[in-house]
Amino acid sequence: MDARFLGIGDLAETPSVAVVVDVMRACTVAAWAFARGAEKIVLAESLEEALALKDRHPDWVALKDDPPAPGFDAVNSPGLLRSVDLGGRTVVQKTTAGTVGALAVKDASLVLCAGFVVAEATARLLRTRGGDSVTFVVTGEDGRAEEDLACAQYIAGRAIGAVTDAAGYLRRAADSRAAGELTRGVRQGAHPDDVALCLELDRFPFAMVATPEGPLMVLRPLDVPAGTAGSGGVVDR
């Protein structure tokens, strides 16, 4: 498998297969939303679109970066989301990096969103559906975010079946600028446990697949059991 690691701004053409990586925190938050029962996540292009969708669908849960704001129900924090009951709900997510990266490759034949919490399931899916070339979209810091690059490189290694020690990759992420900012409380709308939750390797057994549904880009969980990679279906709740 030929793996490329590009920032959002470096995407000169639509890749065939794209893995969008945002460890801290959009993709981790998405995984937690599914773990808390969410049926699907709509990836919004702007805060205005997120609010408009919420206005049309009052039962949907609108989520954004930074501190709470009128019209939004939650913020982009796994620590704050882990106690929320989202059973059967639709989440609308708008963040500064993760959702932007997913929408930038929306025309790819396969779009996955990933972080360390779903790394192995993502790698298993790539083994059967990834093809010869996979583009990893390193969303943070214009493609330079160390936590996203470390996660992308780890998943790429696992996707080709390499016996890869995760410790070094997790250490790089823990020492990243984003982790430092979250630890020091620089970023608003955060929880003290956010960094630790973002670095929980393989916490969840599903991959996350984004596909167009009408005019919207929608993320859903895909169960990928060990030993039967790629044969699972959408997680049955």
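Taken together, the values in this text are just the output of simple stated rules run on the coordinates, not laboratory data. These numbers come from a predicted model, not from an experiment. Every residue, glycine as well, gets a Cβ built from its backbone with ideal geometry; the counts of neighbours run over all protein chains shown.
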At each listed q (0.09, 0.13 Å⁻¹), what is the log10 of I(q)/I(0) that the Debye formula gives for the chain modelled as equal alpha-carbon point scatterers? -0.32, -0.69
With the contact rule set at Cα under 8 Å and sequence spacing of 6 or more, what percent relative contact order holds for the chain? 30
Net charge near D175: determine it from the other residues with C-beta under 15 Å of the C-beta of D175, scoring Lys and Arg +1 and Asp and Glu -1. 0
Once you charge only the Cβ atoms, +1 for Lys and Arg and -1 for Asp and Glu, what is the size of the charge dipole of the chain about its Cα centre, to the nearest 20 debye? 380
Between T128 and Q188, how many nm apart are label points set 7 Å from Cα along the C-beta direction? 4.5
The rounded separation in angstrom of the Cα centers of the stretch 1-54 and the stretch 170-216 is 12
Once fully extended, how much extra length lies between E200 and E45, figured as 0.36 nm per residue of separation less the alpha-carbon to alpha-carbon distance? 53.0 nm
Which value, in debye to the nearest 20, describes the size of the charge dipole of the stretch 56-98 about its Cα centre when Lys and Arg Cβ atoms bear +1, Asp and Glu Cβ atoms bear -1, and nothing else is charged? 100
Spin-label model distance (nm) - D223 vs D59, 7 Å beyond Cα toward Cβ: 2.4
Most positive-pole-ward Cα, L80, A26, F136, against dipole of the stretch 2-221 from beta carbon charges: L80
Kindly provide the helix-only [θ] at 222 nm of the chain, computed as the sum of -39,500 (n - 2.57) over DSSP H runs of four or more divided by all residues, to the nearest 500 deg cm²/dmol? -9000 deg cm²/dmol
